Amino acid sequence: MKKYIAITLLLLTNNSVAIDLDIGEEINEVCAGCHGEYAEGGKDGEYPRLAGLPIKYLEKELRLFKSHERLNHPMVPYTKERELPEEDLLNVSAYINRIKLYSKLPPIIDKDNFNAYERLLLSERLLNIARIDGDYAGGKLIYNNECKSCHGQNGEGKEKKDIPFLAGQYSKYLLKQINAYQSGERVHDEEASSDSIFIGYSSTDLNNLLAYISLLDDK
Ligand code: HEC
Ligand code: HEC
């Protein structure tokens, strides 16, 4: 028992020494050129939203970019070892993981103490994915049968299992990733042989699936 406690403490100390959120914030200024100041992404998903992605997922993807196992030309210059050594990779991932975005502004309850500036700051962190037309019920059926177990009831992902959210991510970006999984350019989930799940879908199925997911961040 004693031994166990000692090991846990060591890990905690290691973590707190290694992570520097101020450095993470500085590095994020470079990323912001494409992904936005609040890592909210942009250009309708040409640059994905990063804010709030699971920390280990962010780290893993950045390592995959560095090693070119995940191909992404725009990011190549920013993920070279000299630009983004492991230490910085950890710091920026921790910083981005903690950024909170909102899918809608909270209602104004206290009208007398309304603070326009605070409201403006909040609105900068607003990201609501545009609804796509489609057969929502059909999309929901596929989502619940094939995706929910990993990506969560409402597409929120699973921080503890390093699984990214799908709700609140740009539809165009999601489609591009699904196509990359279909072609084998990207590996979906190493543990489960889940890559085959994308093979059987028609473009209508995928549209319905993305249409359903585009509703999930409205909740
Ligand atoms: C020149 C533009 C550009 C810059 C600068 C940039 N990125 Fe990206 N990033 C992209 C593009 C484009 C993609 C989408 C790649 C794709 O479609 O697969 C992306 C994807 C990502 C992803 C994958 C997201 C996901 O959901 O899997 C992560 C993580 C990421 N970037 C982190 C960063 C970090 C951290 C920095 C700063 C060190 C950074 N990026 C700088 C363009 C950029
Ligand atoms: C067995 C668990 C599992 C199932 C089931 C699953 N996923 Fe995933 N998914 C993952 C994991 C893990 C990742 C992260 C993969 C990586 O590291 O690149 C992921 C990543 C993704 C991404 C990339 C997200 C990003 O930010 O780049 C998309 C899109 C995606 N999944 C869509 C789906 C859809 C749609 C379904 C249902 C048809 C589905 N997944 C079913 C585990 C799963």
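Conditions tested, residue by residue: (1) closer than 13 Å to residue 84 by Cα; (2) buried (at least 20 other Cβ atoms within 10 Å of the Cβ); (3) β-branched (Val, Ile, Thr).
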{"site": "20", "(1), (2), (3)": "no, no, no"}
{"site": "28", "(1), (2), (3)": "yes, yes, no"}
{"site": "33", "(1), (2), (3)": "no, no, no"}
{"site": "41", "(1), (2), (3)": "no, yes, no"}
{"site": "44", "(1), (2), (3)": "no, no, no"}
{"site": "49", "(1), (2), (3)": "no, yes, no"}
{"site": "55", "(1), (2), (3)": "no, no, yes"}
{"site": "59", "(1), (2), (3)": "yes, no, no"}
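In the set 41, 24, only one residue is at pLDDT 90 or above, out of contact with any Ser or Thr (no Cβ under 9 Å at 6 or more places or on another chain), not acidic (Asp, Glu) and not assigned by TED's automatic domain parsing to the domain that holds residue 163; that residue is 41. Inclusion of residue 102 among residues that are closer than 24 Å to residue 20 by Cα, of a type in the set (Phe, Trp, Tyr) and surrounded by 12 or more Cβ atoms within 10 Å (Cβ to Cβ) is not warranted. Of the residues making up the stretch 42-62, those that are near ligand 1 (Cβ under 9 Å from one of its atoms) and touching a helix residue (DSSP H, G or I) at 6+ places or on another chain (Cβ under 6 Å) are 45, 47, 48, 50, 58, 59, 62. For the stretch 184-213, the set of residues classified as small (Gly, Ala, Ser), modelled with pLDDT under 95 and more than 18 Å from residue 73 (Cα to Cα) consists of 192, 193, 194, 196, 200, 202, 203, listed by residue number. Screening the candidates 154, 179 for the property of being modelled with pLDDT of 95 or more and either outside any loop (DSSP other than H, G, I, E, B) or more than 7 Å from ligand 2 (Cβ to nearest atom) (or both) yields one hit, 154. Yes or no: residue 117 assigned by TED's automatic domain parsing to the domain that holds residue 159, of a type in the set (Ser, Thr, Tyr) and more than 10 Å from ligand 1 (Cβ to nearest atom)? Taking the combined requirement at face value, the residue does not satisfy it.
Per-residue answers, yes or no, for (1) among the hydrophobic types (A, V, I, L, M, F, W, C); (2) assigned to a helix (DSSP H, G or I); (3) at pLDDT 90 or above:
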{"residue": "51", "(1), (2), (3)": "yes, no, yes"}
{"residue": "59", "(1), (2), (3)": "no, yes, yes"}
{"residue": "64", "(1), (2), (3)": "yes, yes, yes"}
{"residue": "80", "(1), (2), (3)": "no, no, yes"}
{"residue": "91", "(1), (2), (3)": "no, yes, yes"}
{"residue": "99", "(1), (2), (3)": "yes, no, yes"}
{"residue": "105", "(1), (2), (3)": "yes, no, no"}
{"residue": "109", "(1), (2), (3)": "yes, no, no"}
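The values are calculated or read from the model by the stated rules, or taken from the named source; none is laboratory data. Remember, it's a predicted structure, so these values are computed and weren't measured experimentally. Because the Cβ atoms are built from the backbone with ideal geometry, glycine has one as well, and the counts that use them run over all protein chains shown.
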